[in-house]
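The values are calculated or read from the model by the stated rules, or taken from the named source; none is laboratory data. Treat the numbers as computed from the prediction; the structure is a model and nothing was measured. Cβ placement follows ideal geometry from the backbone for every residue including glycine, while neighbour counts extend to all protein chains displayed. For accessibility, only protein heavy atoms count, side chains too; no ligands or nucleic acids. Shrake-Rupley method; radii C 1.70, N 1.55, O 1.52, S 1.80 Å.
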Amino acid sequence: MLKGKHIVLGITGGIAAYKSVTLLRLLVKRGAEVQVVITPSGKEFITPVTLSALSGKPVICDFFTANTGEWHSHVDIGLWADAMVIAPATACTIGKMAHGIADNMLVTTYLSAKAPVFVAPAMDLDMMAHPSTTANLALLRSYGNHIIEPAEGELASHLTGRGRMEEPERIVEVLDEFFSRKQPLAGKKVLVTAGPTYERIDPVRFIGNFSTGKMGYAIADAAARMGAEVTLVSGPVSVKASEKGVTTEHVESAREMLASCQKAWPETDIAIMCAAVADYAPANPSGTKIKREGNEPPQITLVKNPDIAATLGAEKRPGQILVGFALETDSEESNAVKKLHSKNLDMIVLNSLRDPQAGFGTDTNKITIFRQGAEPLRFPVKSKREVAVDILDEIIKLH
């Protein structure tokens with residue numbers, strides 16, 4: 001899908017600039033026409049000669065060519081582009097973009113761009129975690145930019161953490177998906193739950209589970225990419241939605257999650273219950289910390305939490321689609337089918353903790369989909385991003 005597309009590749013001054021050479025080569029190989037715009041510090045890491053040889057175009061760094069006075073119009077470049085990709089994007093450049101500090105050709109081109117902008121941050125882990133970087137990235141998201149989240153791994157400082165620029169192959173996939181995507185969920189309102197719930201024992205302890213929210217967030221982002229207006233009701237997690245079309249509501253307990261879901265459900269077309277909701281909660285949580293010294297272990301009486309999927313299933317009106325999840329350790333398929341019918345679901349997604357590549361905390365999943373009146377669909381191990389698309393594709397078929 002990149003053939004014939006006009007891509008502006010912005011390169012800034014970070015050690016990850018060496019990856020930009022591979023990214024440029026992959027884009028050209030896919031048939032894209034690429035114009036490189038590099039910051040002055042970027043030239044300290046990779047030479048314009050190399051980039052020009054690969055792109056077949058002169059590399060632009062300054063507002064004009066010193067010898068001839070030839071003017072490089074950032075407006076024309078911005079209008080020419082079908083997409084702008086800034087990779088690597090340093091903390092400095094991200095800050096300038098967020099606040100409109102147009103003191104170089106790259107940021108000026110960004111401010112003139114009419115096309116979608118993709119930003120691939122790259123920096124050391126402490127810089128990545130700094131509140132100013134977090135705030136600047138949030139601003140860029142609010143402007144409609146697409147943030148290609150950095151990966152975790154060994155950094156130039158030899159420390160290990162989050163801040164590695166995403167690999168060029170994945171950045172190309174993101175662009176390819178953007179240009180090839182259809183909008184089958186345009187105009188639809190989608191409700192997704194994600195993550196665990198925490199049920200308080202006292203102000204510092206809780207009953208919970210190991211859910212990280214990765215699967216639910218992947219579904220929410222994929223639905224937004226397909227054109228849906230997404231409400232994501234999330235328990236306590238560290239991940240974030242990356243798509244502009246996702247509105248996240250943060251909750252803690254099962255009852256809070258139920259209240260948010262019931263509020264959204266009447267206007268919802270599709271609900272996907274992906275959260276790992278705690279089945280039980282302490283009947284009488286303590287208002288103060290339960291002390292250990294001199295006390296016997298506390299006796300905690302548990303009460304059942306509401307079943308969110310079953311509650312929505314009982315309230316479901318014609319035309320609404322309700323999808324559940326089943327994470328099982330034994331009698332997997334029979335338990336999933338039982339939930340499909342008892343909760344009035346249209347579809348249920350089964351994954352098993354017996355599979356080491358599925359379940360909590362992994363970046364992959366292996367699912368089986370059960371639908372009312374249909375044979376089960378079994379899928380191989382895939383990334384959760386790919387699994388999210390598979391699930392939504394099957395939901396779309398139910399319409």
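Here are a few things to note about the model shown:
- Checking V174 against (1) β-branched (V, I, T); (2) open to solvent by 10 Å² or more (accessible area, probe 1.4 Å); (3) touching a residue at least 60 places away in the same chain (Cβ under 8 Å), the condition it does not meet: (3)
- Subset of region 154-169 [surrounded by 13 or more Cβ atoms within 10 Å (Cβ to Cβ) and either free of Cβ contacts under 8 Å to residues at least 24 places away in the same chain or more than 21 Å from T134 (Cβ to Cβ) (or both)]: E167, P168
- Of all residues in region 251-287, those that are in a loop (DSSP other than H, G, I, E, B), among the charged types (D, E, K, R) and under 19 Å from D202 (Cα atoms) total 2.
- Candidate set from region 216-272 (those that are under 21 Å from Y143 (Cα atoms) and of a type in the set (D, E)); member that is least open to solvent (accessible area, probe 1.4 Å): D221
- Positions within region 57-105 being assigned to a helix (DSSP H, G or I) and either modelled with pLDDT of 95 or more or within 25 Å of the chain's Cα centre (by Cα) (or both), in sequence order: A91, C92, T93, I94, G95, K96, M97, A98, H99
- Counting only residues that are assigned to a loop (DSSP other than H, G, I, E, B), more than 12 Å from G14 (Cβ to Cβ) and either in contact (Cβ under 8 Å) with a residue 40 or more places away in the chain or of a type in the set (A, V, I, L, M, F, W, C) (or both), region 38-55 holds 1 of them.
- Scan of region 291-316 for residues that are at pLDDT below 95 and either closer than 26 Å to N365 by Cβ or charged (D, E, K, R) (or both), ordered by number: K291, R292, E293, E296
- Residue ranges of helices (runs of 4 or more DSSP H) in region 123-242 with at least 3 members of a type in the set (S, T, Y): 131-142
- Residue list for region 96-119, filter: under 21 Å from K43 (Cα atoms), in contact with a helix residue (DSSP H, G or I) (Cβ under 6 Å, 6 or more places away or on another chain), in contact (Cβ under 8 Å) with a residue 40 or more places away in the chain and open to solvent by less than 10 Å² (accessible area, probe 1.4 Å): M97, T109
- Among the residues of region 288-330, the ones that are under 24 Å from D202 (Cα atoms), touching an Asp or Glu at 6+ places or on another chain (Cβ under 8 Å) and polar (S, T, N, Q) come to 2 in all.
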